[in-house]
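Undergrad: This is the structure, below, for whatever I ask next.
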Amino acid sequence: MLAFAIGLGALAALTRSRWGWAVGLAFVAIWVHPTTGAWFVAILALAAAWQHRRRRSFVFGIGIAAVVAAAAALAAMGRLTRMDATWLGVLAEKDYLFPAEWPLYAWVANLAYPAVLFLLYRSRRRRGLTSPGEEALVAGAIGLALAFLVSVPLAQARIALVVQLQVNRVFWLLDALVALYVAWWLTEGLAKRRTGIVLAALAAAAVARGTYVLAFEARRPLVQMRLPHDAWNDAMAWL
């Protein structure tokens, strides 16, 4: 959570085109939690590629790097470790690591993120509300979704490195960005006179969801004065 918060600070700096702060915060996020911070560095790299896409030297360098990376990947493909049955057995409950086996609703929900993000960004751009680096941020986020699609067949082939990278975590970033854009749309993008109605509906939905989670999923009270009597607390009391 700390790494993610620092990474969001990096994205905020990106929207203002403060690249020094953005890159610095992203690497601090890597220092705190490497596999979380790495995706913030990735979105900054994609944003930089988008922002400099019209520079021939930059495009040429990206093309050379892509060719070298593809050649290295093909050369290493035969040596990449694949997960065996025992290894996969340890991950039996972590089915989210294998997107090809996701249910349809999960695919629809996740792939809706880049579309919603793009549409709300266009709405802000038409109104002249976008920040200097906002276009690059949105482009980087959509690029992360495309990178996820590339990883799906490799994860399905049980390539250990790809599974360990947990590329599906890119949707954590997309989820946060879409939440921020939807919040803007609900509070400012709609007509001002509707804001009160929207906020009341959101408050009612939040209370209903919280009640359902407590009463039906967790089956616990909202407030509890003492720790529950269970095996874990019995062991802690004994210790």
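Undergrad: Need the full-extension length gain, Gln224 to Val108, defined as separation in residues times 0.36 nm minus the C-alpha distance. One decimal, nm.
TA: 37.9 nm
Undergrad: For Ala100 and Ala176, what is the calculated FRET efficiency with R₀ set at 22 Å and r taken between the beta-carbons, to the nearest 0.05?
TA: For R0 = 22 Å, the calculated efficiency reads 0.30.
Undergrad: OK, next. Kirkwood hydrodynamic radius, computed over distinct alpha-carbon pairs, for region 132-239: how many Å, to one decimal?
TA: Kirkwood hydrodynamic radius for region 132-239: 18.8 Å.
Undergrad: Could I ask something else about it? The list (1) 7, 29, 34, 21, 8, 1; (2) 6, 21, 29, 25, 12, 5, 1; (3) 8, 33, 37, 17, 4, 0 gives values of P(r) over Cα pairs in 10 Å bins from 0, in percent, and only one came from this structure; which label was calculated from it?
TA: Recomputing P(r) over Cα pairs in 10 Å bins from 0, in percent here picks out (2).
Undergrad: Treating region 95-161 as a set of equal point scatterers at the Cα positions, no solvent, please give the Debye-formula log₁₀ I(q)/I(0) at q = 0.19 Å⁻¹.
TA: Log10 I(q)/I(0), no solvent term: -0.79.
Undergrad: Additional query: Highest GNM mean-square fluctuation, the chain, Cα pairs closer than 10 Å: which of Ala157, Ala92, Ala38?
TA: Top of the fluctuation ranking is Ala92.
Undergrad: At 222 nm, what value in deg cm²/dmol follows for the chain if DSSP H runs of at least 4 each add -39500 (n - 2.57) and the sum is divided by all its residues, to the nearest 500?
TA: One gets -23000 deg cm²/dmol as the mean residue ellipticity at 222 nm.
Undergrad: Please sort through the DSSP H helices of the chain and keep those with an alpha-carbon extent of at least 27 Å along the long axis and a Kyte-Doolittle average not below 1.6.
TA: The qualifying helices are 56-77.
Undergrad: Shifting gears a bit: GNM, the chain, Cα, under 10 Å: largest mean-square fluctuation among Leu190, Leu173, Leu120?
TA: Answer for the Gaussian network model of the chain: Leu190.
Undergrad: GNM, the chain, Cα, under 10 Å: largest mean-square fluctuation among Leu137, Leu129, Leu222?
TA: Of the options given, Leu222 has the highest mean-square fluctuation.
Undergrad: What's the center-to-center distance, using Cα atoms, between region 2-59 and region 173-223 in Å?
TA: One Cα centre to the other: 29 Å.
No lab work stands behind these numbers, since they all come straight from the coordinates. On a predicted model such as this, the values are computed, not experimentally measured, just so you know. Methodologically, a virtual Cβ is constructed for each residue, glycine included, from the backbone with ideal geometry; neighbour enumeration extends over all protein chains shown.
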